[in-house]
Amino acid sequence: MKKNIIKASAIGKIILMGEHAVVYGEPAIAIPFASAKIRVFIQEIDGPIMIKSHLYKGPFDQAFENLYPVFALVNKILKKFNKDPFGFSIEIKSTIPVERGMGSSAALAAATVKVLYKYFKVDLTPNTLNHLVNFSENIVHGNASGIDSAIVINEKPLYFIKNQPLKHFNYKLDGYLIVSDTGEKGNTKLAVSKVKEYINQQPETGITLIKDLGKLTVKAKKVILKNNPEKLGILMNQAQIILEKLGVSNNKIEKLVQVSLDHRALGAKLTGGGLGGCVITLCANKADAQKISQKLLENGASKTWLMKLNNKENFNES
Ligand code: PMV
């Protein structure tokens, strides 16, 4: 007889403005990215827990080396419920590219927590989910601001300030966003430590750059609420210049930014931790977005996604 399959999912995210500065208490704007999703399935089996994912396939106890954040999270939940690591398999299916600044680690943690609570038939409060996803994020990122957990749990656009109550950010902005993958893994942990080192070595300039990024995010919120994509594009370009100064950009990112601007994009910048990962390009309309997306693919992007920037349509891929 076929055994019951329990499932849960979580979607990715895009940081529009404010990455890195958000670690230092400045605001950031993030939106859900429904085109990229992680699904986690639990099925009852005889014997010890088995894991199946594209990163690792095998016994749970050996996931320690290969899939550490999931290993730690599952262990924490088993301990909490006083359960042994027996009796089920965990399968992970994902369309969120790993280490591209799209929140794959937070989404994986959120979906894993949700599916385990369902399996053990325990009610999951938003607070517990947030706590457990942050536990996993701190393993992955070191000193995480909490923005990734907040957005993958809430699945709504957020104006996020570290350690403050969440503010949903509802708006309707004309225009299209292209997310293009440099094809290179980013490294959020290293990027965050590079910014920290910059600030330690040159405190005055470093703190000014962080505060300037914060000011750009405050302005971005205003222009988004006024539905002014042209001005948002200018602010994105300014943010990219500061992120370059902080040392978290690289040649591939800058190439995709330049290709975007050479083909009438309103603005372009890296998104997330940087040092690889993805670039976001703001375009006035669908025709521009399609044309620029093609140019990005011809110039080294490994993949692109198009999103209509309209809350009502839930930022779906077009
Ligand atoms: O996980 P990523 O690569 O999207 O980066 C998160 C944003 C940072 O500001 C770089 C780090 C953080 O914890 O806020």
Using the heavy atoms of the protein chains and a 1.4 angstrom probe, tell me the accessible area per residue for the stretch 78-198 in square angstrom.
46
Can you tell me the orientation of helix 68-80 relative to the chain, as the angle in degrees between its alpha-carbon axis and the longest Cα principal axis, to the nearest 10?
50
Taking R0 as 30 Å, what's the FRET efficiency between residue 128 and residue 258 from their Cβ-Cβ distance, rounded to 0.05?
0.10
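Roughly how many percent of the accessible protein surface of the chain is carbon and sulfur, given a 1.4 Å probe and a whole-percent answer?
Numbers: 7200 of 14470 Å².
With neighbouring chains kept in place, the figure for the chain is 50 percent.
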Keeping all protein chains in place, calculate the accessible area per residue for the stretch 1-75 (probe 1.4 angstrom), answer in Å².
45
Net lengthening on full extension, residue 286/residue 75 (0.36 nm per residue, minus Cα-Cα)
71.4 nm
Cross-link partners of residue 295 among aspartates and glutamates (Cα-Cα below 17 Å; sequence separation of 8 or more within a chain)
181, 254, 262
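Translational diffusion coefficient, Stokes-Einstein: compute it for the chain using the Kirkwood radius over C-alpha pairs as Rh, at 37 °C and 0.692 mPa s, and state it as an integer in µm² s⁻¹. Provide the component values of the computation, followed by the final result.
On the way: Rh = 20.0 Å.
D = 164 µm²/s.
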Per-pair calculated FRET efficiency, R0 = 45 Å: residue 46 and residue 163 via Cβ, rounded to 0.05
0.50
Given q = 0.15, 0.19, 0.21 Å⁻¹, what are the Debye log10 I(q)/I(0) values for the stretch 105-231, with equal point scatterers placed on the Cα positions and solvent ignored?
-0.97, -1.28, -1.33
Excluding ligands, DNA and RNA, what is the solvent-accessible area per residue of the stretch 209-318 at a probe of 1.4 Å, expressed in Å²?
43
Which of the three applies to the stretch 49-125, rounded, prolate or oblate, going by the alpha-carbon gyration tensor with a ≥ b ≥ c and a/c under 1.5 meaning rounded?
oblate
With labels modelled as points extended 7 Å from the Cα through the Cβ direction, what inter-label distance (nm, one decimal) is found for residue 61 paired with residue 143?
3.8
If I model a spin label as a point 7 Å beyond the Cα along the Cα-Cβ vector, how far apart are those points for residue 230 and residue 34 in nm?
3.0
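Decide, for the stretch 155-219, between rounded, prolate and oblate: order the square roots of the alpha carbon gyration tensor eigenvalues as a ≥ b ≥ c, take rounded if a/c falls under 1.5, and otherwise choose prolate if a/b is larger than b/c, else oblate. Walk me through the numbers on the way to the answer.
Working: a/c = 1.99, a/b = 1.35, b/c = 1.47.
Oblate is the answer for the stretch 155-219, as a/c is 1.5 or above yet b/c matches or exceeds a/b.
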Cross-link pairs beyond the 24 Å C-alpha cut-off, checked among 172/252; 222/269; 231/303; 211/308; 172/222; 211/291:
172/252; 231/303; 211/308; 211/291
Need one word for the stretch 184-318: rounded, prolate or oblate. Basis is the Cα gyration tensor (sqrt eigenvalues a ≥ b ≥ c); a/c below 1.5 gives rounded, then a/b vs b/c decides.
oblate
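The values are calculated or read from the model by the stated rules, or taken from the named source; none is laboratory data. As the structure is a computational prediction, the values presented were derived from the model and not from experiment. Virtual Cβ from ideal backbone geometry, glycine too; neighbours counted across all protein chains shown. Heads up: the accessible areas ignore ligands, DNA and RNA and are worked out on the full protein's heavy atoms, side chains in. Shrake-Rupley method; radii C 1.70, N 1.55, O 1.52, S 1.80 Å.
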